[in-house]
Amino acid sequence: MSLQSGVRRTLRQALVSTRQHLHHQTTPKQTAPKQTAPKQISPKQTSPTSSSPVRFFSSSPRTPLRDKEGTSGKEGQYARTDHTIQVSYPGPASTQLPPTDNLVKGIGHGGVPTLPTFSLQGKVGVVTGGARGLGLVMGQGMVVSGASLAIVDLNKEEATKQASLILETFKRDNPSSDQIPTITAHYADVSDPSSVQACIQEIISAHGKIDGLVTSAGFTENFEAVSYPFDRVRKLWGVNVDGTWLFATEVAKHLIERGAKGSMVFIGSMSGAIVNVPQPQAPYNAAKAAVRHMASSLAVEWAKYGVRVNVISPGYMLTALTQKILDDNPDLKEKWTSLIPQGKMGKPEDLMGPVTFLLSDASSYVTGADLRVDGGYTCT
Ligand SMILES: NC(=O)c1ccc[n+]([C@@H]2O[C@H](COP(=O)([O-])OP(=O)(O)OC[C@H]3O[C@@H](n4cnc5c(N)ncnc54)[C@H](O)[C@@H]3O)[C@@H](O)[C@H]2O)c1
């Protein structure tokens with residue numbers, strides 16, 4: 001056997017054994033499937049709230065095609081989605097602002113040699129879905145980099161609370177600064193055109209202008225495709241796809257009218273490029289693929305106005321919510337991290353640099369790009 005084919009064989013064996021490991025309890029047997037109850041994966045002691053319903057998938061076991069067709073019984077045994085698993089996403093956690101000790105040394109670049117083009121000073125940024133999770137932390141990164149910020153969310157109360165916390169943190173970390181950012185909170189349902197228009201007008205009244213947009217409002221949920229309620233598919237596409245479109249086009253109108261350059265960062269997901277396993281989530285994956293191509297298309301259309309549009313595609317990120325789920329379910333954590341070359345999930349703070357880069361003049365010649373922040377997940 002040549003060295004090359006020996007290496008290939010070893011790799012194939014390793015892959016097969018990894019897949020068997022990933023499906024250690026769920027690999028279909030060659031006999032007819034039993035009616036297995038879906039496994040529920042959810043954090044203990046967390047109750048859903050009206051602002052963030054528990055989201056889960058459930059599915060009934062199906063007869064594998066191979067039995068109907070009388071094939072070998074081995075086909076499909078390495079199928080990588082597992083419809084017996086339920087992942088529950090709980091309600092909002094308490095504040096998720098990360099410590100700024102390592103981030104803030106005075107406004108912008110105080111004391112730290114950095115290219116000035118990375119600064120967002122003098123710019124006004126908008127982040128949708130900014131009351132919590134990734135949007136909240138990216139918003140904080142924008143403020144640390146010198147921007148004023150408008151936080152947009154369905155949950156205005158939480159957005160208002162977090163706006164005050166970001167401002168307090170900024171003042172604490174920059175006691176002698178005479179350039180205090182303006183941080184405001186606004187209600188919008190990003191999937192509703194009139195709500196989006198009203199929100200943009202409110203932001204322009206408060207800040208005078210908008211220079212940058214980050215669309216982080218979005219959600220995921222898991223249902224097997226054949227039992228996914230269609231009203232929920234519409235809702236998911238409404239927030240993830242329509243919401244991105246509506247905010248982007250309204251902000252673009254404002255920039256074009258003003259004759260100003262601007263930068264937009266759509267929060268996609270690695271799910272727009274690969275299919276996550278084991279949880280089934282076809283509409284979410286399709287939505288994030290749409291967001292990615294929407295960014296490329298708008299980047300081309302708006303390049304003549306000086307409006308750049310890029311995507312950040314995060315991999316598995318450890319927000320306060322996912323941390324709790326995984327602490328309670330070490331098996332799922334092991335499954336996910338075993339697929340990430342860096343061997344760990346990302347932190348929300350890992351998005352601060354990418355979002356600042358894409359909003360700033362440091363990325364003036366970058367448009368239509370998809371910046372994957374996934375620990376290498378999509379390379380394999
Ligand atoms: N967390 C991850 O691992 C991960 C990975 C890849 C991509 N993403 C994407 O990042 C984005 C943020 O995810 P997250 O984990 O921070 O989620 P999250 O649920 O913690 O935060 C989402 C925020 O969006 C708001 N929101 C939801 N629907 C809205 C609507 N119709 N109008 C206005 N606001 C609305 C929610 O109130 C919430 O504050 C999403 O687009 C998600 O798909 C997340």
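The values are calculated or read from the model by the stated rules, or taken from the named source; none is laboratory data. All figures in this text were calculated on a predicted structure; none of them were measured in a lab. Here Cβ is always computed from backbone atoms with ideal geometry, including for glycine, and neighbour counts include all displayed protein chains.
Filter segment 283-320 down to residues that are more than 30 Å from Ser227 (Cα to Cα) and surrounded by fewer than 19 Cβ atoms within 10 Å (Cβ to Cβ) and give me whichever is nearest to the chain's Cα centre (by Cα). Ranking the qualifying residues of segment 283-320, first place goes to Ser296.
If you go through segment 229-243 and keep only what is assigned to a helix (DSSP H, G or I) and away from the ligand (no atom under 11 Å from the Cβ), you end up with Phe230, Asp231, Arg232, Val233, Arg234, Trp237.
Scan segment 256-264 and tell me whether some residue there is farther than 21 Å from Pro354 by Cα and either surrounded by 17 or more Cβ atoms within 10 Å (Cβ to Cβ) or within 16 Å of the ligand (Cβ to nearest atom) (or both). No: zero hits. Across segment 195-231, the number of residues qualifying as touching a residue at least 24 places away in the same chain (Cβ under 8 Å), closer than 30 Å to Gln281 by Cα and among the charged types (D, E, K, R) comes to 2.
Here Val127 clears all of (1) within 10 Å of the ligand (Cβ to nearest atom); (2) in contact with a strand residue (DSSP E or B) (Cβ under 6 Å, 6 or more places away or on another chain); (3) without any contact (Cβ under 8 Å) to a residue 60 or more places away in the chain; (4) not in a loop (DSSP other than H, G, I, E, B) except the condition numbered (3).
Right, Asp173: more than 10 Å from the ligand (Cβ to nearest atom), of a type in the set (Asp, Glu) and touching a residue at least 12 places away in the same chain (Cβ under 8 Å) or not? Considered against the rule, which asks whether it is more than 10 Å from the ligand (Cβ to nearest atom), of a type in the set (Asp, Glu) and touching a residue at least 12 places away in the same chain (Cβ under 8 Å), Asp173 comes out as yes.
For (1) part of a loop (DSSP other than H, G, I, E, B); (2) under 22 Å from the mean Cα position of the chain (by Cα), each residue gets a yes or a no:
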| position | (1), (2) |
| --- | --- |
| Ala163 | no, yes |
| Ile166 | no, yes |
| Phe170 | no, no |
| Asp178 | yes, no |
| Pro181 | yes, no |
| Thr184 | no, no |
| Ser191 | yes, yes |
| Ser195 | no, no |
| Ile200 | no, no |
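Would segment 194-213 turn up any residue that is crowded, with 18+ Cβ neighbours inside 10 Å and at pLDDT below 95? No, every residue in segment 194-213 fails to be crowded, with 18+ Cβ neighbours inside 10 Å and at pLDDT below 95. Mind listing whichever residues of segment 306-337 are modelled with pLDDT of 95 or more and not in a loop (DSSP other than H, G, I, E, B)? Answer for segment 306-337, where residues must be modelled with pLDDT of 95 or more and not in a loop (DSSP other than H, G, I, E, B): Val307, Arg308, Val309, Asn310, Val311, Ile312, Ser313, Pro314, Met317.
The residue list Ala225, Ala217, Ala273 contains one member that is within 29 Å of Ser338 (Cα to Cα), surrounded by fewer than 20 Cβ atoms within 10 Å (Cβ to Cβ), at pLDDT 95 or above and within 13 Å of the ligand (Cβ to nearest atom), which is Ala273.
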